[in-house]
Structures are given as structure tokens and as C-alpha cells.
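The structure appears right after this line, and notes come after that.
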Protein chains: 2
Amino acid sequence: MREHEYLQSLHFNCIRLPDGAGVVNMSLPIVLAIGDREKEEIGASPDVALHGPDGGVLAILRRVEIYPHNKEERIARTWGTTAPGLPYVDEAIAQAGNWLIGGDLEVIEPIKYNDGLDHYRLSPQQLRNEFDKRGADAVFAFQLRNPVHNGHALLMNDTRRRLLEMGFKNPILLLHPLGGFTKADDVPLPVRMEQHSKVLEDGVLDPETTIVSIFPSPMHYAGPTEVQWHAKARINAGANFYIVGRDPAGMGHPTEKRDLYNPDHGKKVLSMAPGLEKLNILPFKVAAYDTVAKKMAFFDPSRSKDFLFISGTKMRAFAKSGENPPDGFMCPGGWKVLVDYYNSLQTEEAAVATV
Amino acid sequence: MREHEYLQSLHFNCIRLPDGAGVVNMSLPIVLAIGDREKEEIGASPDVALHGPDGGVLAILRRVEIYPHNKEERIARTWGTTAPGLPYVDEAIAQAGNWLIGGDLEVIEPIKYNDGLDHYRLSPQQLRNEFDKRGADAVFAFQLRNPVHNGHALLMNDTRRRLLEMGFKNPILLLHPLGGFTKADDVPLPVRMEQHSKVLEDGVLDPETTIVSIFPSPMHYAGPTEVQWHAKARINAGANFYIVGRDPAGMGHPTEKRDLYNPDHGKKVLSMAPGLEKLNILPFKVAAYDTVAKKMAFFDPSRSKDFLFISGTKMRAFAKSGENPPDGFMCPGGWKVLVDYYNSLQTEEAAVATV
């Protein structure tokens, strides 16, 4: 991003289009930080080549502009806090250079990760083509960074049912797991992708009406600011309905015993965000384990004592201990992927402890 | 403000109008904080009376809504820092209640300060009427919280000249000193108002084409976020040109040895702010003391050694020591007001030291 875009993103969460054509939502700045040494090397060169990890040139940044990386202000305006311990700040901002470089980006070839998952990394245009090929008349997107349990599946299948009721003939689900940086205790992408495959194999989600693709963004855990980016990116890729839950992209406050964001703010802010006026927001109904019906069901407050909430933490505890969660919490194939993953972790930890 | 307005102000610096009628700029939330006790007292009452310091009811807040006052997030998103020592945070937020109350405001009577300056406190409508009465075809606003020196006057008179050149027949200056909270080392409002009077009496500014009024807002020192409010409020009052300088509403970082904001960001952010698309921004040319011409003049970099920059700090040092600034820095009547003020301070300090 150039500085005028960066400033609009930080201050307004949107960027004005030329010629009075309105605004596009852009709540997270997409910037490249460089250090003093790189800045000096670039000097007055107008164009800069961007290399991949293997040295090949991936893109050229034309007519570059270099401007100060005001980290404290960027963090405060993006996260609404500067408390130490924000995962993405620690990962990507704190140690980054003191300058940002922007320009006109000329991409030479699509980025490959060579991790066996590149076929899942569809560009927005590829996704749009895929929706067309399937004859979708509605696309509803589900952002996730966790394994899919039957509560999620219930929600997605119920959303499809509601869209059919609304008159759509062929609603397609975009199951769009986040593929970039996540915090250490989140399940890694390859494990999640394997788990998602099992969920489709086991028929919990219908492969005929579901497209699984990786959303390559890093997770910022920036709550109401980030949820706009999550929604906007999916609209760009052809989605017209976006499912949003309680405290989207939220986390605990890094230094205080409370949620970092008011859990209702994400949905409220998203519903008022500039550039997202035409977004159809689908509220995320709360699902929990119904101990009477022995399956995941929408929470019914009139018989709340019958419901068991299985948090991510509790799920991880089950998988780590090898204990099975209640029947009907997750399809067996998907659950096995998680158990194997946590077993492998424990084996590794044991090996480290022995050494 | 209600919460949906508060959230839009914090996240987007603007508020969406009903029925797709665009947005209005609103970069600083205007909120009323209450504590747990007040919240409990209000209970389920739909309407709340707002009392002045003398106990009289000034306004009624109808159909109230009470929502959490997320101070850290408010501060981070407004100032781009949470460092201790932000003057307005210390003054008005840190000790404020943990709740905000909003509703439909029904004002019973205009607020009076009874400080002998109320005749300067014109409402936006009163200002518009005044501009009409004077037959203004252009109104240019100058925000200030400091005494007017001849450099300011040069700038304002030069702006009028440029507007006349642009074809306007009767440009009127709105000299609009900020009347709310300012930090301790700023000159207090009554002294500034007296100084401004002298500047008009001495003919440095032309009383025929100048309206002096008090802008009752508190100073936030929130840089690029606040300058939008400063401009928007003057547009509301009928101004169509706004003079903006280097680092508007900026200050030093409270805990680091640097400016809190990039000095160019204020003007850049203002020029891109949503809801201010039609604002005419007049760049603030830098004036300094020309030691050859012995007067304030626009800085000429080709003979920079002839110019003397007299900062606010230096001006205060002169006034405190009783030393005269260079001839032509400020009109003698205005300067005397400042000298008298600093003398009175020193007398007070001496009295305190003696006691």
C-alpha cells in the first residue's frame, strides 16, 4: 500500500475510489516493512523486485514510495490496545523494519507454498469461476481457523436450508479456512485441511454444494477491525452471504482477565462498515451439545441444563488426553485426525524431554 | 451518542446517515460517562435529566441507552497510543465512569458559562446568521488555542487576499479560538480573548471582515483524528474554507522524545476524510520573523538564515522574563496582555512560595 491508502485504512477502515465512485472497505493495511539497510539499498530506484524464499522474483513493485512505519500508532488503531502479547504484533510487526514500502504491484506468477496444499489456494477469480461452473445463485462464506465440529456443520447446513427457503435454487457454501499465521495453540493448517476433508468424506457437509479453499491471510486477532477484512475478502471472491458469530476474530485481552473486545461489537461494526453496505450478514446461531438428543443442536435457553458447551480448549483437552468427546460432537474420521495430531505432539514433547 | 454512533465514530471517523444519504464526519465521539451508582439510579427509566453545576435542568436525554465505556480501546483508537500522559485522557477519561449513556438529546436552554465571555459563544446557527448579515460569500475559519502573533495575522490576511483573487467579493474570517479544556501550559481562554481583542483594536486583523467567536470544544491533542472534528465543526457553522497547518492538534509524544504524530498526517488525513469531501483545505504557509525586514513574513528557504522561528515555548519565555520579542512579532497591545498574564502568574507563584 501507498501511504495515502495506509492512512485511510488505519483511520477510516476504507479507501476512497477515484472519481467519486464511493469507497472500498479495507480495515487492515496490507503493507511491506523494510529496514534502514533495504531503504538505503533501494535509494532512488523507482522499481523494486520482490523475491520468494527460494530467490526467484515473484513480483515487481513499480514507482515505489517509502514512508515511516509508525508501529505504535498502527497497532493502537488496528487493535484498540497496545498491550504486549498480541500474537500478530509479536509475529509480524514488533521486529519489522521502521519503513513501509508501497507502489504499483506487478505480480509475475502466483505465489506457491509447495506444501501439498496449493490446489486449495484459489484466487478470488478462480473461486468466482468455480461458483459459476457449479451454477451457484447464492454463495455463503464461512470463515474458520478451527476444526469443523457438528455444531459448525449444523449451522452451515441450516444456512443452506434458509437460503433455499428464501428462494435460492443452488446455494453454495464456501468453506474458507484461514491459511496464514495463527497463534501457537491453534491447530495447524495441514491438520485442519485433513480434518475438513474427513468432514466432507463422512458426509457431514455435502461435497456437491461445498467448495473448500484456503484463505491465505494471516490471523490478526483484531476483532471488529479484522472481521471487516474477513467479510470483504470473501465478497471479493464472489460470496454474497457471510456468517458471523459472537466475538469474531476476538481473543482474550493479552494482559487483563477479560475479552479484548466486546463480543457483540464485531457483528455491530461489520453491519455498519463503509464499503460493505450490500453485505448480507447471517447471524451465527449458537450450537451446543444436546445431552438428551445426543447431538449438536441449536441452543434452546428454555432447557439450558440439557446443553453442554464444548469450547476449543475443552476439545483440545479431550483430543490430547485421548478421551472421546460425547457422541455426535464431531464425525469420527475428523476426530481421529485431531487425536493423531495431538498424539504426535505428545510424542515430540516426550522426545524433547528425553533428550 | 448511542453505541452504534460511538462505534462508527471510533472505527470509521464518520456516521452513516439513514436512507443511504451518505455519511457525516464524526472523528471524536461525543459521549457522557456515568458510574455504577448513576447507572443503578437510572435503572429502567427511559429519560434522564441533565443538570448544570448550579443544579438547574439544562437538557433531557430521552429513551436512553447505557453501554460499557471501553476506555482503553477508545483511547487507542482516538489517539493511536495508550501511553500515559495524554492531557485529555488524564482530564476527562481516566477517572470517568465505566459506562456511557446516550439518547435523544432535548436541550432546554443554551449552556451559559457566566464567565463574561458568553457573548462570544455563538451557536453554529448564530454564526451562519452573522455571516449572512455581513453578506459573506466565502467564510474561512482559523482554529487556534494560542495568542495571535503577526505570523498568524499575515496568514489570515493573505488568505483573504487569495480569496479575493479567486473572485470572492466579501470573504469573512471566522477567528474561532478553542474554549474548552487545554493543557496547563497553554494560555487560558480569558487571557487569549483579551489578546485577540487587542489584535483587532490594533488593526492587525480587520474587525469589519472578522468574526471572533469561541469554539466550546475541549482540546483532545489527538492530531489527525481531531483535526477532522475541528474542520467539520466549522463547516457546520458555515465555513467553507479551512486553514490547516503542520501537525494540527498535535503534541510531543507523552513518553518518547518525538512528535506523537507525523506532522504531515493531519493535512493528509483531513484531505481524505469521509464526509469532508467538499471541504476546501487551505494549506498553512509557514511564517517566521524576518530579521532583515523586521517583521513576520512567509519563510523564504533561499535566505533561511535571515529567519527566526519563535516557538510558543520561546514566546512564553520572552513574556515570562519580561523581555520584548523582536519588533513586529506581535502588536504591542496584544503583547502587553501576555506579559501581564505571566507577571500575575509569577506573583501568584511567589505568594505560594512565601506561604
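Values in this text are rule-based calculations from the coordinates and carry no lab data. Every value quoted in this text rests on a predicted model; they were computed, and no experiment measured them. Virtual Cβ from ideal backbone geometry, glycine too; neighbours counted across all protein chains shown.
Miscellaneous remarks
- Antiparallel DSSP beta bridges within the protein assembly as shown, as percent of all bridges there, nearest 5: 60 percent
- Helix B:312-321 and the longest principal axis of the C-alpha atoms of chain B enclose an angle of approximately 70°.
- Most mobile listed residue (B:P224, B:P301, B:P254) in chain B, GNM with C-alpha springs under 10 Å: B:P301
- At q = 0.11, 0.12 Å⁻¹ the log10 of I(q)/I(0) for chain B amounts to -0.85, -1.01, computed by Debye summation with a single uniform scatterer per C-alpha, solvent ignored.
- Between 0 and 90 degrees, the angle of helix A:150-165 with respect to the longest Cα principal axis of chain A falls at about 80 degrees.
- Take the convex hull of the alpha carbons in segment B:106-230; its mean projected area over all directions comes to 9.0 nm².
- Segment A:81-155-segment B:80-146 distance, computed between alpha-carbon centres (Å): 44 Å
- Under the simplified labelling scheme, the B:A94-B:H51 pair shows an inter-label distance of 2.8 nm, with each label point 7 Å from Cα along Cα→Cβ.
- Exposed GluC sites (Glu not before Pro) absent - longest run of chain B, DSSP non-H/G/I/E/B, at most 15 other C-beta within 10 Å: B:1-255
- Look at where the Cα atoms of segment A:225-269 and of segment B:13-46 average out, and the two centres are 22 Å apart.
- Here B:D264 yields copy-to-copy label distances, from shortest upward, of 4.3 nm, the label point defined as 7 Å from Cα along Cα to C-beta.
- Translational diffusion of segment A:3-107 was estimated from the Stokes-Einstein equation, with Rh taken as the Kirkwood radius over Cα pairs; at 37 °C and 0.692 mPa s the coefficient is 217 µm²/s.
- The alpha-carbon atoms of segment A:289-354 define a convex hull whose volume equals 81 cubic angstrom per residue.
- Rounded to 5, percent antiparallel among DSSP beta bridges of segment B:223-310: 65 percent
- Label 7 Å beyond Cα on the Cβ vector: A:P84 copy-to-copy distances, nm: 1.6
- Inter-copy label distances at B:N343 (7 Å, Cα→Cβ; nm, one decimal): 9.1
- Peptide B:2-14 is shielded by partner chain Cβ atoms: per residue, an average of 5 of them sit within 10 Å of its Cβ.
- Principal-axis tilt of helix B:124-133 within chain B, Cα atoms, nearest 10 degrees: 40 degrees
- Exposed trypsin sites (Lys or Arg not before Pro) absent - longest run of chain B, DSSP non-H/G/I/E/B, at most 15 other C-beta within 10 Å: B:1-111
- Comparing A:I66, A:I235, A:I172 in a Gaussian network model of chain A where C-alpha atoms under 10 Å apart are linked, the largest mean-square fluctuation is found at A:I66.
- Close amide H pairs (under 5 Å, H built 1.01 Å from N) link B:A287 with B:F299, residues at least 5 positions away or on another chain.
- Highest-MSF residue in chain A out of A:M315, A:M156, A:M193 [GNM, Cα springs under 10 Å]: A:M315
- Mean per-residue shielding of peptide A:276-282 is 0, counting Cβ atoms of other chains within 10 Å of each Cβ.
- Computed [θ] at 222 nm, deg cm²/dmol, the protein assembly as shown (DSSP H ≥ 4; -39,500 (n - 2.57); rounded to nearest 500): -10500 deg cm²/dmol
- Expressed to the nearest 5 percent, the antiparallel share of DSSP beta bridges inside chain B is 60 percent.
- Based on alpha-carbon atoms, the Kirkwood radius and the radius of gyration of the protein assembly as shown give Rg/Rh equal to 1.02.
- Partner lysines whose Cα lies under 17 Å from the Cα of A:K320, excluding those fewer than 8 positions away in the same chain, are identified as A:K336.
- Placing a label point 7 Å from the Cα of A:Q126 along the Cα-to-Cβ direction, the residues of segment A:230-248 whose backbone N falls under 19 Å of that point are A:233-239.
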